[in-house]
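Each reported figure results from applying straightforward, stated rules to the coordinates on display, with no laboratory input. From a predicted model like this one, the values you see are computed outputs, not experimental measurements. Heads up, the Cβs are rebuilt from the backbone with ideal geometry, glycines too, and the neighbour counts pull from every protein chain shown.
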Amino acid sequence: MTSSSDHKLELVRKLGGAGEIDTINYDTNPKWEDEVLRLTNGRGADVVINIAGPKALPSCLTAVGRRGTISLVGFLGGFDVDTFPDTFTPIFSKTAVLR
């Protein structure tokens, strides 16, 4: 899970057993997608839930694993259609789903 709040990340970690839930603070780790790949030994996440919108899609496309799913559920970063990144090639190469 990613968040900018260490407090929220600590609460999430407590939901699982020791070492069961990995968390990333994206304020202190702005290349959070690289950390996802590190934590998954290069495999990537099965599910990425994006609440930031198109602005964060390039990072999400890097973080998602093969045959993974990215759910675009919010637009906290705005919705500028002109800056929507190319998604076809990364989605096609990973056979991922963008919802």
The set of residues whose placed amide H lies less than 5 Å from the amide H of Ala45, leaving out same-chain residues fewer than 5 positions away, is Val64, Gly65
Using a Gaussian network model of the chain with C-alpha springs under 10 Å, which one of Ala18, Ala63, Ala45 is most mobile by mean-square fluctuation? Ala18
Looking at the chain as a GNM with Cα springs under 10 Å, which of Asp46, Asp82, Asp34 has the largest mean-square fluctuation? Asp82
Quick check on the chain: take the gyration tensor over C-alpha atoms, sort the square-rooted eigenvalues as a ≥ b ≥ c, and tell me if it's rounded (a/c under 1.5), prolate or oblate. oblate
Determine the relative contact order of the chain: mean sequence separation of Cα pairs under 8 Å and six or more apart, normalised by residue count, in whole percent. 21
Residues meeting the amide H criterion for Thr2 (H placed from the backbone, H to H distance under 5 Å, 5 or more places apart or on another chain) are Ile24
Looking at segment 3-78, which GluC sites (Glu not before Pro) are DSSP coil and have at most 16 other C-beta atoms within 10 Å of their C-beta? Glu20
